[in-house]
Structure formats: C-alpha cells, structure tokens
Amino acid sequence: MKFDNNTIKIDGIDKKILRFLMQDARKPVLEIARNIGISGAAIHQRLRKLESSGLLVGSKFIINPKAMGYMTMAYIGIYLDKAMSNPVAVKQLEKIPEVLECHYTTGNWSILIKVLCKDNEHLMHVLNKEIQQIEGVSRTETFISLDQQIDRQITI
C-alpha cells in the first residue's frame, strides 16, 4: 500500500482481500488466506494497515428493511429559505429516525435526503409533521423509489 497525492494505492493482494470481504465481511480470514495463497497472519497485518490508512472504515450487518415493515423509500429535495439555515436544518434532520442519508447538493435544492418509511401514509406524516416543520425549510420535492435496481460499492 502506498500514498500518492493523498490517494491510497493498493497492490493486487490487497485488492483480492478486499474483494473477498466486500462479498462477505464475515468470511474467515483463514479461508481468504487459503484462496490467495498467503498466511492468515499476513491477511491480518494487511487488514490492520488498510484500516489505519482510512481505506477500510468498518464492517456492518445490513438489515432488510422490508422484513421490518419498511416498504417506502423516498428521496426528498429540501429547499431552504437561506443557506445559513443548512447546519440548523441538518441538526433537526438528524433527529428524525426515518432519515437515512443527508447530502448538501448543487442545483435547486439545498439538501437532498433519503428516507425510509413503512408506507405512503407514514411518509406523508414524516414530511408534513417533521421535515416541513423544520425552521428554514420553505418547501420540499419528493420522489418515491419504486424499486432499487443497483446497490453496489466502488469497484476494487
């Protein structure tokens, strides 16, 4: 692993390790080691270096939201009355558990958020009673996702 202009450069072995872990973060290190042809200790050492470099930022279990009754995914563009409202609005959005992501954007909206709700009625409640009540929010524009077609990470 090397650093070049604040970009991390990884070698072929690191790429192989990462590909295995991106497919299944619970894959045993010894199984990865056998597949790549190096020792388990070498895998551990490389993983520690990748973590300390900031390239790996953790692993997580992914909950299937539909199994929990969350069926409506929506993206909401938020128009703020002035740019100074951004940090205040974000602090309020953080308090709404249905908000999964929040991005400052270019273009018409000040903020774009991704929300997950049980159904359209739940979404309407979150919009009307929570998001649109935030000070500085002048209006919103909502797009409901009908079905996610692609879900992937960056290619290694």
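Out of Ala33, Ala83, Ala41, Ala89, one residue alone is touching a helix residue (DSSP H, G or I) at 6+ places or on another chain (Cβ under 8 Å) and aliphatic (A, V, I, L, M). It is Ala33. Taking the numbered list (1) over 17 Å from Arg19 (Cα atoms); (2) among the β-branched types (Val, Ile, Thr); (3) in contact with a Lys or Arg (Cβ under 9 Å, 6 or more places away or on another chain) in turn, Ile62 passes all entries but (3). Among the residues of the stretch 79-110, those identified as in a strand (DSSP E or B) and either touching a His at 6+ places or on another chain (Cβ under 6 Å) or closer than 14 Å to Thr140 by Cβ (or both) are Tyr79, Leu80, Val99, Cys102.
Go over the candidates Val126, Val137 one by one and state the one that is touching a Leu at 6+ places or on another chain (Cβ under 9 Å), touching a residue at least 24 places away in the same chain (Cβ under 8 Å), of a type in the set (A, V, I, L, M, F, W, C) and not assigned by TED's automatic domain parsing to the domain that holds Pro28. Testing whether each residue is touching a Leu at 6+ places or on another chain (Cβ under 9 Å), touching a residue at least 24 places away in the same chain (Cβ under 8 Å), of a type in the set (A, V, I, L, M, F, W, C) and not assigned by TED's automatic domain parsing to the domain that holds Pro28 leaves just Val137.
One residue alone among Ile113, Ile38, Ile76, Ile32 is hydrophobic (A, V, I, L, M, F, W, C), at pLDDT 95 or above, surrounded by 13 or more Cβ atoms within 10 Å (Cβ to Cβ) and in a loop (DSSP other than H, G, I, E, B), and that residue is Ile38.
The values are calculated or read from the model by the stated rules, or taken from the named source; none is laboratory data. Nothing here was measured: the structure is a model prediction, and the numbers come from that model. As a convention, Cβ positions derive from the backbone with ideal geometry for all residues, glycine included, and neighbour counts pool all protein chains shown.
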